Every structure is written in structure tokens, then in C-alpha cells.
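Participant: Input: one structure, supplied below.
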Amino acid sequence: MAKPPYQRVLLKLSGEALMGEKPYGIDPETVKRIAGEIRTALAAGIELCVVVGGGNIFRGLQAAEAGFDRASADYMGMLATVMNALAVQNALEDLGVHTRVQSAITMSEVCEPYIRRRAIRHMEKGRVVIFAAGTGNPFFTTDTAAALRAAEMSCDVLVKATQVDGVYSADPKKDPNARRFARLSYLDVLRRDLKVMDASAIALCRENRIPILVFSIQEEGALPKVLRGEGRATIVAEDIETCEEEAVG
């Protein structure tokens, strides 16, 4: 079997990725499918860690706009990510994958505290590490947490699972003239204000030279393909020539 192009990978899963067709919460079948794709990646010899969002349960920013104190709302969102992390852990362990959840907010009864060296050791032993509770600080997104953990874990790539098969010039579900990018530089993303990840996350990845692969988690089997260097995705990296593809319509 050919050696995968990436040895250590951080997968960023949004909370919405766990909903499936449901309008809210966690769809067990969807989580099981994603867990199966993670197991396939591990079997190829990849060390893998995960940052999970919480938007399927609670969105701190939206709650703040509705009148919640922003810091309190963000902490509530962090707790939602812990619930999602435990759901993914359960699905992985049902498939025989050894998994550890580490939370940036201490809650020792349900998961480990975040300890960088312990997390690296877990991955070296073939375990999946799921990072929950974002950075542990309000006013930071789970995208920023993903970029931070990818840098701390010395990951070769940050793989962001989304609802579409890459980065577009506009929302392809709303704009039929949206154009898909095959390749982008970090500066292109910032200049064009493309909604890949927030600016802090892009800056962190740029500073640490961590490429970002954006793909659709909706396509079954897409994660192992992308990690093999196949499949359909947008790559964001340093000093890369922008390649713009076809319009949606």
C-alpha cells in the first residue's frame, strides 16, 4: 500500500456535520458513517486528531446577538462541543477505535483535560484524540481552536469538513454563479473575504505553514479519498497560484 501523503492530520468537524438530515442535534447514523471514515484513515497509517464544533446544539454568537452575555454564550457553546465529542467517541469505540476526548475546560468525570504531550502520545499509539471545548476561551471560534491544535500537534494538514466540495466565491446553495476554487493562498482567502475559516485561524495556519484542505463530508467516503490525495477538495496554502473552476450553474 502506498504511503499516505500526510502522516498526522487534524480533522475539523462542524456541529452541523453531525446532524445529517435533522434540523437539530445529533444523527447517530451520520456520526457512525463519519466514524467509519476516520477508522479507514487510521488503517492507512495516519495519525488523526479531531476538533468538533457545537453549532448543531448551541451557537454562542447567535445567542449573544439575541441578548446573552457573549462570554457566557460562548461557554455554553463550548459545552455543546463536549457533547458532540462524546458522541463521536462513542461511535468510534463501537467500531473498535481507541479514542480519547480532551477538553480545554476541565471536567474530569467525562474526559481528560487538554495536555499537549499526552495528546501526542495518544496519537503515536494509534488512538484518535478529540479536542473539545474550543480553546477554552470565549471570543474564539472552534476554527481557531482547530488551527491552534493543528500547530500544537505538529500536524501536516488541517482538513476541514464542510457541506460543499471546496471553497466557492459565494454560497453555491444560494448563488448559481458561484465559482469553485481548486487552489488558494492564505492571502487570497483573507483578501477575498472567503468564508473558509475565520481570519485568526487562517493567520495561524499561515504562520505555521499548515495547509488547509476543504472538502464535503456529505459525500460518502470522501475523507479517506482526500487524505490519499484524491477526491474533490480545495487546498489553501502558502505561495500557491489561485485556480478558479467552473460556475455552479
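Participant: Filter region 138-154 for residues that are of a type in the set (A, V, I, L, M, F, W, C) and surrounded by fewer than 24 Cβ atoms within 10 Å (Cβ to Cβ); which is farthest from V214 (Cα to Cα)?
Facilitator: First pass over region 138-154, keeping only residues of a type in the set (A, V, I, L, M, F, W, C): 139-140, 145-148, 150-151, 153.
From what is left, the residues that are surrounded by fewer than 24 Cβ atoms within 10 Å (Cβ to Cβ) are 139-140, 148, 151, 153.
On the way: F139: 24, F140: 20, L148: 17, A151: 17, M153: 19 Å.
Per the criteria, the residue is F139.
Participant: Quick check: is even one residue across region 88-101 over 18 Å from the mean Cα position of the chain (by Cα), closer than 22 Å to T30 by Cβ, modelled with pLDDT of 95 or more and buried (at least 19 other Cβ atoms within 10 Å of the Cβ)?
Facilitator: Within region 88-101, one or more residues are over 18 Å from the mean Cα position of the chain (by Cα), closer than 22 Å to T30 by Cβ, modelled with pLDDT of 95 or more and buried (at least 19 other Cβ atoms within 10 Å of the Cβ).
Participant: May I ask you to say which residue of I115, I38 is in contact with a helix residue (DSSP H, G or I) (Cβ under 7 Å, 6 or more places away or on another chain), closer than 23 Å to L148 by Cβ and in contact (Cβ under 8 Å) with a residue 12 or more places away in the chain? Outline the logic, then answer.
Facilitator: On the way: I115 fails: in contact with a helix residue (DSSP H, G or I) (Cβ under 7 Å, 6 or more places away or on another chain).
The conditions single out I38.
Participant: Against the condition closer than 14 Å to L10 by Cα and of a type in the set (V, I, T), how does I202 come out, does it pass?
Facilitator: Values: closer than 14 Å to L10 by Cα: no; of a type in the set (V, I, T): yes.
So I202 does not fit the description; no.
Participant: Could I ask something else about it? Being aliphatic (A, V, I, L, M), at pLDDT 95 or above, over 18 Å from V51 (Cβ atoms) and not in a helix (DSSP H, G or I), is that true of even one residue in region 128-148? Break it down stepwise before answering.
Facilitator: Here is the first cut: in region 128-148, the ones aliphatic (A, V, I, L, M) are 128-130, 132-133, 145-148.
Narrowing further to those that are at pLDDT 95 or above: 128-130, 132-133, 145-148.
Among the residues that remain, those that are also over 18 Å from V51 (Cβ atoms) are: none.
No, the conditions are met nowhere in region 128-148.
Participant: Here's another thing I want to ask about it. So in region 178-222, with the set limited to residues that are farther than 16 Å from A17 by Cβ and polar (S, T, N, Q), which one is surrounded by the fewest Cβ atoms within 10 Å (Cβ to Cβ)?
Facilitator: Out of the qualifying residues, it is N208.
Participant: I'd like to know if region 12-19 contains one or more residues that are within 18 Å of T142 (Cβ to Cβ) and more than 18 Å from the chain's Cα centre (by Cα). Give the steps one after another, and end with the answer.
Facilitator: Step one: list which residues in region 12-19 are within 18 Å of T142 (Cβ to Cβ), which gives 12-19.
After this cut, where a residue has to be more than 18 Å from the chain's Cα centre (by Cα) as well, the list is none.
No, region 12-19 has no match at all.
Participant: Would you confirm, using the coordinates I've provided, whether L48 is closer than 23 Å to T135 by Cβ and either within 18 Å of the chain's Cα centre (by Cα) or in a loop (DSSP other than H, G, I, E, B) (or both)? Break it down into steps so the answer makes sense when it comes.
Facilitator: Values: closer than 23 Å to T135 by Cβ: yes; either within 18 Å of the chain's Cα centre (by Cα) or in a loop (DSSP other than H, G, I, E, B) (or both): yes.
Criteria met by L48.
Participant: Would you pick out the residues in region 118-127 that are assigned to a loop (DSSP other than H, G, I, E, B) and either in contact (Cβ under 8 Å) with a residue 60 or more places away in the chain or surrounded by 14 or more Cβ atoms within 10 Å (Cβ to Cβ) (or both)?
Facilitator: Those that are assigned to a loop (DSSP other than H, G, I, E, B) and either in contact (Cβ under 8 Å) with a residue 60 or more places away in the chain or surrounded by 14 or more Cβ atoms within 10 Å (Cβ to Cβ) (or both): G126, R127.
Participant: Moving on. I'm trying to understand the selection: among the residues of region 93-112, which are of a type outside the set (A, V, I, L, M), outside any loop (DSSP other than H, G, I, E, B) and either out of contact with any helix residue (DSSP H, G or I) (no Cβ under 8 Å at 6 or more places or on another chain) or closer than 22 Å to I46 by Cβ (or both)?
Facilitator: First, the residues of region 93-112 that are of a type outside the set (A, V, I, L, M): 93-94, 96, 98-100, 102-103, 106, 108-109, 111-112.
Narrowing the set further to residues that are outside any loop (DSSP other than H, G, I, E, B) leaves 93-94, 99-100, 102-103, 112.
Within region 93-112, E93, D94, T99, R100, Q102, E112 qualify.
Participant: Being modelled with pLDDT of 95 or more and part of a loop (DSSP other than H, G, I, E, B): is that true of I26 here? Give the derivation first.
Facilitator: Working: modelled with pLDDT of 95 or more: yes; part of a loop (DSSP other than H, G, I, E, B): yes.
Yes, satisfied.
Participant: To continue, here is another question. Hey, does region 9-18 have a residue that's touching a Leu at 6+ places or on another chain (Cβ under 7 Å) and surrounded by fewer than 20 Cβ atoms within 10 Å (Cβ to Cβ)? Quick ask: steps written out before the conclusion?
Facilitator: Within region 9-18, the first condition is being touching a Leu at 6+ places or on another chain (Cβ under 7 Å), and the residues that meet it are 9-12.
Applying the additional criterion that residues be surrounded by fewer than 20 Cβ atoms within 10 Å (Cβ to Cβ) yields none.
Scanning region 9-18 turns up no residue that is touching a Leu at 6+ places or on another chain (Cβ under 7 Å) and surrounded by fewer than 20 Cβ atoms within 10 Å (Cβ to Cβ).
Participant: Hey, does region 54-73 have a residue that's at pLDDT 95 or above, surrounded by fewer than 24 Cβ atoms within 10 Å (Cβ to Cβ) and β-branched (V, I, T)?
Facilitator: no
Participant: So how many residues does region 28-41 have that are buried (at least 20 other Cβ atoms within 10 Å of the Cβ) and either out of contact with any Pro (no Cβ under 8 Å at 6 or more places or on another chain) or within 23 Å of M78 (Cα to Cα) (or both)?
Facilitator: Adding up the residues that qualify gives 4.
Participant: Please tell me if L158 is closer than 23 Å to V101 by Cα, in contact with a Gly (Cβ under 9 Å, 6 or more places away or on another chain) and modelled with pLDDT of 95 or more. Can you show your working first?
Facilitator: Numbers: closer than 23 Å to V101 by Cα: yes; in contact with a Gly (Cβ under 9 Å, 6 or more places away or on another chain): no; modelled with pLDDT of 95 or more: yes.
Against the criterion (closer than 23 Å to V101 by Cα, in contact with a Gly (Cβ under 9 Å, 6 or more places away or on another chain) and modelled with pLDDT of 95 or more), L158 does not qualify.
The values are calculated or read from the model by the stated rules, or taken from the named source; none is laboratory data. All figures in this text were calculated on a predicted structure; none of them were measured in a lab. Neighbour counts run over all protein chains shown; Cβ positions are idealised from the backbone, glycine included.
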